[in-house]
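The values are calculated or read from the model by the stated rules, or taken from the named source; none is laboratory data. The structure displayed is predicted, hence computed values, not measured ones. All Cβ positions, glycine included, derive from the backbone under ideal geometry; neighbour counts span all protein chains shown. Note: accessible area is taken over every heavy atom of the protein model, side chains too, but ligands, DNA and RNA are not part of it. Shrake-Rupley method; radii C 1.70, N 1.55, O 1.52, S 1.80 Å.
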Amino acid sequence: MSETPKIRLRGLRKAFGEKQVLDGVDLDVRPRHSMVLLGGSGSGKSVTVKCILGLIPPDEGVIEIDGQDVAKLSRRERAALFDRTGMLFQNGALFDSLPVWENVCFKLLAQRRLTRRAARDRAAEVLAQVGLAASVGDLWPAELSGGMQKRVALARAIAAQPDIIFFDEPTTGLDPIMGAVIDGLIVDCVERLGATALSITHDMASARRIGDDAAMIHKGRIVWTGSAETLGHTGHPMVDQFANGSREGPIQMELRR
Amino acid sequence: MSRALDLLALVGRAAFAALGGAGRIAIFALVGLSHLVRPPFHARQFWRHFVEIAYFSLPVVALTALFTGMVLALQSHTGFSRFGAETALPSLVVLSITRELGPVLAGLMVAGRIGASMAAEIGTMRVTDQIDALTTLSTDPMRYLVAPRLLAGTLALPPLVVVADILGVFGGFLIATLQLGFVPQSYLDATWDVLEAMDVISGLVKAAVFGFLIALMGCWCGYHSRGGAQGVGQATTRAVVAASILILAFDYVLTAAFFKQ
Ligand SMILES: Nc1ncnc2c1ncn2[C@@H]1O[C@H](COP(=O)(O)OP(=O)(O)O)[C@@H](O)[C@H]1O
Ligand SMILES: [Mg+2]
């Protein structure tokens, strides 16, 4: 591998109190590729992404973006770096005190790249890219269905044309058809922007649709990485158990009987 | 002996915890304030909260002040008439209202309304990842959420207290003239005679400090809430209680500072 990974994690550790959530995560994400991160609920997928975004300080480990150690950047350089990233939060995290159009163009307005008047038009364009009518821009987030909220959150994540995008469970809680629609939009957006994407999911169909590469996290470590196409018949017992959703296998749920 | 030491340790630990908490809140306040002197400034946010505090608290504060002035006149009349000191009533009303009751009662009412709503709004944003979302959208949450609220609280309370002062004095005037037999003109003359600029100014300074404290506790408790709806509920309660206690404590400190002989 000659190419510098877009995102490179080495030995990432994070504990909350007694609980060791990340226990030495190593991960490489190739530039302009889409990586999916698989893992059971509570396995630390969201925490990993929040560490990369600087929202949670890791206890130990190195996070490199474009070969640069994020911890060594100045405030200004770090801000410039995160100006070029986008994030779709697990529950949308839309600002409910702002109308949809202002949510969508929030980053462009914050960076003063647009006037408020121009932002309304730009919001309509971005909303069209995720299959929503311009009139949705004048609604409030609370007035939208779950699927529409996800699409608005997606629009917000891509509006400033980031070159790294994170998607945290973009299809969880949606019906299968809406899930497939969102997956399609994600693939389109990532291709159109030429961006690098890191998506969290535990839906196999979704993982195969949006991922080039896949990695599986279990007990705070990456236990497998490989091509997303092979999911379901990777030959790795944990991944295959997870992909096929079987109860028998190396992953034991801690249930009390 | 060891009992006594245990107790001492307990008190010491509580005192250190309180000091540490106060220190962290002070740093939080300073960081918030530092965003007011460096652009960009979120004027739209400031204006939204200023209107919410100054305009929409008007009915509550006005009614509170009016009734307080009325009760004050009634109560002190029954007290004073025992000593034949009824003529002191206008000065008692105007001084109590401008120096103490106007700012304190307006502060407590606004603490209930605004402290609670700020803590609930920011707390909900915290537990639904909206504060993290701000960071990923190139916006500093301290700058966007906290700084405008601190400024709005500080600037919105003084005008409210001017209204409270006027209505409080008016409430006393109504009862005195309609029920207690005071001559309107001489009541007003007595009010003006005793009133000094310092009485009003000290009340307005108190108001600004109280407004700042209300916004600070609302922001602090909301910002550090965790858990779901329950955590937000706790943050809301804590914001109102903390703001109310701080208002009373700072009222004492400021009174002592203004009127020391
Ligand atoms: N801010 C936090 N404080 C304490 N514990 C946390 C925090 N964030 C996450 N955790 C814990 O870390 C574990 C992993 O969380 P998360 O990464 O959200 O899981 P998932 O893989 O489902 O996204 C969970 O057990 C959660 O309770
Ligand atoms: Mg998660």
Here is a list: B:67, B:46, B:50. Which entry is farther than 24 Å from residue B:195 by Cβ, assigned to a helix (DSSP H, G or I) and out of contact with any Pro (no Cβ under 6 Å at 6 or more places or on another chain)? B:50
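Suppose the filter is without any contact (Cβ under 8 Å) to a residue 12 or more places away in the chain, of a type outside the set (A, V, I, L, M, F, W, C) and outside any helix (DSSP H, G or I); does residue B:39 pass it?
yes
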Does residue B:252 qualify as being within 16 Å of ligand 1 (Cβ to nearest atom), farther than 22 Å from residue B:87 by Cβ and of a type outside the set (Lys, Arg)? no
Regarding residue B:148, is this residue within 14 Å of chain A (Cβ to nearest Cβ) and assigned to a helix (DSSP H, G or I)? yes
Among the residues of the range A:107-139, what is the count of those that are within 14 Å of chain B (Cβ to nearest Cβ) and open to solvent by 20 Å² or more (accessible area, probe 1.4 Å)? 8
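Every residue, every condition in (1) open to solvent by less than 60 Å² (accessible area, probe 1.4 Å); (2) in contact (Cβ under 8 Å) with a residue 60 or more places away in the chain; (3) in a helix (DSSP H, G or I), yes or no:
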{"residue": "B:181", "(1), (2), (3)": "no, no, no"}
{"residue": "B:185", "(1), (2), (3)": "no, no, yes"}
{"residue": "B:207", "(1), (2), (3)": "yes, yes, yes"}
{"residue": "B:240", "(1), (2), (3)": "yes, yes, yes"}
{"residue": "B:244", "(1), (2), (3)": "yes, yes, yes"}
{"residue": "B:256", "(1), (2), (3)": "yes, no, yes"}
Counting only residues in the range A:41-55 that are more than 7 Å from ligand 1 (Cβ to nearest atom) and touching an Asp or Glu at 6+ places or on another chain (Cβ under 9 Å), the one farthest from the other protein chains (Cβ to nearest Cβ) is identified as A:49
Can you name the helices (runs of 4 or more DSSP H) wholly within the range A:143-249 that have at least 2 residues being on the phi < 0 side of the Ramachandran plot and surrounded by fewer than 16 Cβ atoms within 10 Å (Cβ to Cβ)? A:176-193, A:237-244
Among (1) assigned to a helix (DSSP H, G or I); (2) away from every other protein chain (no Cβ under 14 Å); (3) buried (at least 19 other Cβ atoms within 10 Å of the Cβ), the one test that residue B:134 misses: (2)
Take the conditions open to solvent by less than 30 Å² (accessible area, probe 1.4 Å), in contact (Cβ under 8 Å) with a residue 12 or more places away in the chain and more than 30 Å from residue B:179 (Cβ to Cβ) and apply them to residue B:28. Does it pass? yes
Within the range B:44-66, can one find any residue that is in contact with a Ser or Thr (Cβ under 9 Å, 6 or more places away or on another chain), modelled with pLDDT of 90 or more and on the phi < 0 side of the Ramachandran plot? yes
With criteria (1) in contact with a Lys or Arg (Cβ under 9 Å, 6 or more places away or on another chain); (2) within 16 Å of ligand 2 (Cβ to nearest atom); (3) over 13 Å from residue A:36 (Cβ atoms); (4) not hydroxyl-bearing (Ser, Thr, Tyr), residue A:194 comes up short on (2)
Every listed condition ((1) facing chain B (nearest Cβ under 9 Å); (2) touching a residue at least 24 places away in the same chain (Cβ under 8 Å)) holds for residue A:104 save (1)
